[in-house]
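The values are calculated or read from the model by the stated rules, or taken from the named source; none is laboratory data. Predicted model only: the values in this text are computed from it and were never measured. Here Cβ is always computed from backbone atoms with ideal geometry, including for glycine, and neighbour counts include all displayed protein chains. Ligands, DNA and RNA are stripped out before the accessible areas are found, and what is left, the full protein with its side chains, is counted by its heavy atoms. Shrake-Rupley method; radii C 1.70, N 1.55, O 1.52, S 1.80 Å.
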Amino acid sequence: MSFPWANEYKPSHPFMQWMDEKLPLPRFVYNAIGAGYPVPRNLNYWWNFGILALVCLTLQIVTGIVLAMHYAANAGVAFDSVEHIMRDVNWGWLMRYAHANGASAFFVVIYIHIFRGFFYGSYKAPREMVWLLGVVIFLLMMATAFMGYVLPWGQMSFWGAKVITGLFGAIPLVGEPIQQWLLGGFAPDNAALNRFFSLHYLLPFVIIGVVVLHIWALHIPGSSNPTGVEVKTESDTVPFHPYFIVKDGWAVGAFLFLYCAVLFFAPNMLGHPDNYIPANPMSTPAHIVPEWYFWPFYAILRAFTFDFFFIPAKLMGVLAMFGSILIWFFLPWLDKSPVRSGHYRPTFRKFFWFGLIPTMLVLFYCGGAPAEEPYVMFSQIASLYYFAHFLIILPIVSSIERPDPLPFSITEAVLGHDDKAALGTTA
Amino acid sequence: MIRILSLLVGLFFTAALAWSFGNGAVNFAREGKPATVESAFHEHPKALHLASDGPFGKFDKQQLQRGFQVYKEVCAACHSLRLVAFRDLKAIGYNDDEVKAIAAGFNVPGLDPNTGEANTRPGLATDYFPMPFANDIAARAANNNAVPPDLSLMTKARHNGAAYVYSLLTGYQDQPAELLKTFPDAKTPQGLHYNPYFANLNLAMAPPLTADGQVTYGDGTKATKDQMAKDVAAFLVWTAEPKLDKRNQTGWPVLGFLLFATILGYLSYRTIWAEKKKH
Ligand code: HEM
């Protein structure tokens, strides 16, 4: 993308001029994250999380590659090879804890990034493609994280793999053959472990590819902003470099600080103790729970406890669990309000803060709790609201709501006046 | 069109959930939550404070050596420590000769160099702690049909690891009379032992620490049952996380650097944006 007032790349050094003719990579970087990319001046800190996600992705790939140099994907020795990394490999404990907690950090960041989108209507035109690619990334992340958790071959690895692949078993007729095909056997074993490792190494690179598309698609209209009013004039934007380089830079510092505090001082806080017990197909853990970042969806899965007409409860749960994410794909067309930002949508905002956010918190909590009452009833109410929110409330609210008046421009929102825009200048 | 479809899909899911909720709520109202003996009598681990706790934690090597002694003289009869090698003991303050002597005190599987037949030989520093039983069947046979689990990772493999081990070892007691009154079927089975800290209240391990002075500490510490339980719990924190000291020591400089870098970054941010905030 470019606004007409974007700075142009002018290489001064002869080598850079030569380079610019042969392979304009520096120009590309300049226009993507340099002074050549104008960004709305009013972005708040919620807009830092995209870059933070990139930092997490890089961290996961670097630590993951080092771990793979020492890990052995064989059901007989996988558990011990991880302990070998923890005990004998130089700084192996650091790599492993960095990778395990890095996955959690990645999901914290991504959940904030996604909910930023929900609140500010970032998914709306002209950024639908950015959003759709984002949902694809999220699905890929979930698959990657799930398979990664199987690799240490502890009790939760094994039983998690069994339960999750078992979900496919709920599909009528073809379910069981599909499950066996996925696992390469009747239960998770060496075949499953090997293919999970192979895919766990592959998918992050697929994610890189989709992230490139995601950012490419973003740079066509440019970033949205907290007012949701599109950029009008040059005074609405600042060049990415130096303004957002420094803002993202200090945010990355703060993020790494929090991440390292957990990594060094509470590295097992987010893990489950059972995964320090080697996988044992003969002994089922008392409570099989996935990693925390899957809890909301796990709660939805388990909320269906009674057959619905001719549909078995388990199948309903599986449909709902996958459906709960797939409906995000339709969001740009379900929410028809022309106003993007929740700041100017009084009704939407109430449903967001008092409906969606508490619902997600309840789902998070119940997904990690045992499948007992009263947690099951809580997750049923929360799941009910979850589907109602996206599929019923949003479409209705967006057609009957009367939005608050919008500022004339970003500049006006920031400074209280916008002389240039008021004169009718458009470019 | 898409919104009509979404409405229908939305109604479908919400109706199915309402159905599940309604049925569940009716059952719950009718039957309530069944009280189980575990929910009524299971106890949360007692508090245990160790030198290795917290971000400033550091192993107390003296205590680890005492704990190791308890492991060697008591627990090793039944429990393996298969992820720990004798050479690792240097980290808790033993010198090379002591490590060799400790290793030689254990018999590990070996081969007769002349015939190639399996036999046992005294351990070397590079060996790992041996299995006390030939296999799981032998272990079960000797332990009322339960296999004593490996202890290397025990304090990371249970909630509240060290406190749990300490509580379990000191928690054996007679079954409370009210328990039998409320749950007459829950009598501890023959050969198991009542312990409110164990998940299902009855475990196959006979109380291993039975008398004060069961081991004799070289450093003069009085070997009460409570002390031995604490020491072996501390030792098992080390076996599960031998790099804990190094982790804590590395953490502070890393955080210090990040804090410094973040403050610098923040100040640059303030400087660069200063004039943009105004016009
Ligand atoms: C590997 C994971 C991801 C990376 C590295 C990533 C990266 C980025 C970056 C660098 C930006 C621009 C900065 C910003 O607005 O925060 C961005 C914007 C955006 N992302 Fe992501 N993203 C990821 C995943 C997702 C997911 C899972 C979603 C949604 C399901 C999503 C939705 C969006 C949207 C809608 C925008 C535009 C926001 C706006 O301009 O208002 N992203 N992403």
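Selection of first residues in segment A:120-145 that are of a type in the set (Asp, Glu) and of second residues that are more than 8 Å from the ligand (Cβ to nearest atom), restricted to Cβ pairs under 7 Å at least 6 apart or on distinct chains, gives the following pairs, ordered by first then second residue: A:128/A:332.
Restricting attention to segment B:50-64, the residues that are part of a helix (DSSP H, G or I) and either surrounded by fewer than 13 Cβ atoms within 10 Å (Cβ to Cβ) or in contact with a helix residue (DSSP H, G or I) (Cβ under 8 Å, 6 or more places away or on another chain) (or both) total 3. Are any of the residues in segment A:92-106 near the ligand (Cβ under 10 Å from one of its atoms), touching a residue at least 12 places away in the same chain (Cβ under 8 Å) and open to solvent by less than 30 Å² (accessible area, probe 1.4 Å)? Taking every residue of segment A:92-106 in turn, at least one turns out to be near the ligand (Cβ under 10 Å from one of its atoms), touching a residue at least 12 places away in the same chain (Cβ under 8 Å) and open to solvent by less than 30 Å² (accessible area, probe 1.4 Å).
To keep it simple, each residue is scored yes or no on (1) closer than 28 Å to residue A:138 by Cα; (2) free of Cβ contacts under 8 Å to residues at least 12 places away in the same chain.
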{"residue": "A:329", "(1), (2)": "yes, no"}
{"residue": "A:332", "(1), (2)": "yes, no"}
{"residue": "A:345", "(1), (2)": "yes, no"}
{"residue": "A:361", "(1), (2)": "yes, yes"}
{"residue": "A:416", "(1), (2)": "no, yes"}
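If you filter segment B:151-209 down to residues that are touching a residue at least 12 places away in the same chain (Cβ under 8 Å) and of a type in the set (D, E, K, R), you find that the one that is nearest to residue A:152 (Cα to Cα) is B:156. Candidates are the residues of segment B:28-49 that are among the basic types (Lys, Arg) and surrounded by fewer than 12 Cβ atoms within 10 Å (Cβ to Cβ); the one that is nearest to residue B:176 (Cα to Cα) is B:33. With a requirement of 2 or more residues that are surrounded by fewer than 19 Cβ atoms within 10 Å (Cβ to Cβ) and at pLDDT 90 or above, the helices (runs of 4 or more DSSP H) lying completely within segment A:370-424 that satisfy it span A:375-388, A:394-400.
Per-residue answers, yes or no, for (1) open to solvent by less than 60 Å² (accessible area, probe 1.4 Å); (2) within 14 Å of another protein chain (Cβ to nearest Cβ); (3) on the phi < 0 side of the Ramachandran plot; (4) in contact with a Leu (Cβ under 9 Å, 6 or more places away or on another chain):
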site	(1), (2), (3), (4)
B:81	yes, yes, yes, yes
B:88	yes, yes, yes, no
B:96	no, no, yes, no
B:103	yes, no, yes, yes
B:109	no, no, yes, no
B:113	no, no, yes, no
B:123	yes, no, yes, no
B:129	yes, yes, yes, yes
B:135	no, no, yes, no
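Taking the conditions exactly as written (small (Gly, Ala, Ser), away from chain A (no Cβ under 14 Å) and not in a helix (DSSP H, G or I)), does residue B:234 satisfy them or not? Taking the combined requirement at face value, the residue does not satisfy it. Only a single criterion out of (1) farther than 23 Å from residue A:78 by Cβ; (2) crowded, with 18+ Cβ neighbours inside 10 Å is not satisfied by residue A:289, namely (1). Remark: pairs (first residue in segment B:7-18, hydrophobic (A, V, I, L, M, F, W, C); second residue open to solvent by 20 Å² or more (accessible area, probe 1.4 Å) and not in a helix (DSSP H, G or I); Cβ separation under 6 Å; 6+ apart in sequence or on different chains) = B:16/A:308. Of all residues in segment B:244-265, exactly one satisfies the criterion of being aromatic (Phe, Trp, Tyr) and within 14 Å of residue B:54 (Cα to Cα), namely B:252. The residue list A:174, A:77, A:150 contains one member that is more than 21 Å from the chain's Cα centre (by Cα), modelled with pLDDT of 95 or more and more than 10 Å from the ligand (Cβ to nearest atom), which is A:77. The single condition among (1) closer than 28 Å to residue B:258 by Cβ; (2) aliphatic (A, V, I, L, M); (3) part of a helix (DSSP H, G or I); (4) more than 9 Å from every other protein chain (Cβ to nearest Cβ) that residue A:203 does not meet is (1). Being at the interface with chain A (Cβ under 8 Å from one of its Cβ atoms), open to solvent by less than 40 Å² (accessible area, probe 1.4 Å) and not in a loop (DSSP other than H, G, I, E, B) is a property that does not hold for residue B:67. If you go through segment A:309-344 and keep only what is within 8 Å of chain B (Cβ to nearest Cβ) and within 15 Å of the ligand (Cβ to nearest atom), you end up with A:327, A:330, A:333, A:334. Does residue B:79 fit the bill of being in the same structural domain as residue B:235 (by TED's automatic domain parsing) and out of contact with any Ser or Thr (no Cβ under 9 Å at 6 or more places or on another chain)? The answer is yes for residue B:79.
Quick check, is residue A:50 near the ligand (Cβ under 10 Å from one of its atoms), modelled with pLDDT of 95 or more, on the phi > 0 side of the Ramachandran plot and open to solvent by less than 30 Å² (accessible area, probe 1.4 Å)? In short, no.
A quick yes/no check of all residues on (1) within 30 Å of residue B:68 (Cα to Cα); (2) surrounded by fewer than 16 Cβ atoms within 10 Å (Cβ to Cβ):
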residue: B:222; (1), (2): yes, yes
residue: B:234; (1), (2): yes, no
residue: B:250; (1), (2): yes, no
residue: B:256; (1), (2): no, yes
residue: B:260; (1), (2): no, yes
residue: B:263; (1), (2): no, yes
residue: B:268; (1), (2): no, no
residue: B:275; (1), (2): no, yes
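Per the listing A:156, A:86, the residue uniquely over 20 Å from residue A:296 (Cα atoms), within 14 Å of chain B (Cβ to nearest Cβ) and either away from the ligand (no atom under 16 Å from the Cβ) or buried (at least 20 other Cβ atoms within 10 Å of the Cβ) (or both) is A:86. Going through segment A:302-314 one residue at a time, which ones are open to solvent by 20 Å² or more (accessible area, probe 1.4 Å) and either closer than 18 Å to residue A:359 by Cα or touching a strand residue (DSSP E or B) at 6+ places or on another chain (Cβ under 9 Å) (or both)? Across segment A:302-314, the qualifying residue is only A:302. The number of residues in segment B:27-72 that are touching a residue at least 40 places away in the same chain (Cβ under 8 Å) and of a type in the set (Val, Ile, Thr) comes to 2. Answer yes or no: is there a residue in segment A:352-365 that is at pLDDT below 95 and touching a Gly at 6+ places or on another chain (Cβ under 8 Å). There is no residue in segment A:352-365 that is at pLDDT below 95 and touching a Gly at 6+ places or on another chain (Cβ under 8 Å).
Of the candidates A:125, A:187, A:145, the single residue that is within 16 Å of the ligand (Cβ to nearest atom), at pLDDT below 95 and either away from chain B (no Cβ under 14 Å) or open to solvent by 50 Å² or more (accessible area, probe 1.4 Å) (or both) is A:125. Of the helices (runs of 4 or more DSSP H) lying entirely inside segment A:233-329, those containing at least 3 residues that are over 30 Å from residue B:257 (Cα atoms) and either assigned by TED's automatic domain parsing to the domain that holds residue A:380 or under 23 Å from the mean Cα position of the chain (by Cα) (or both) are A:295-303, A:313-326.
Suppose the filter is of a type outside the set (S, T, N, Q), buried (at least 17 other Cβ atoms within 10 Å of the Cβ) and closer than 26 Å to residue A:130 by Cα; does residue A:332 pass it? Judged against the criteria, residue A:332 is a match.
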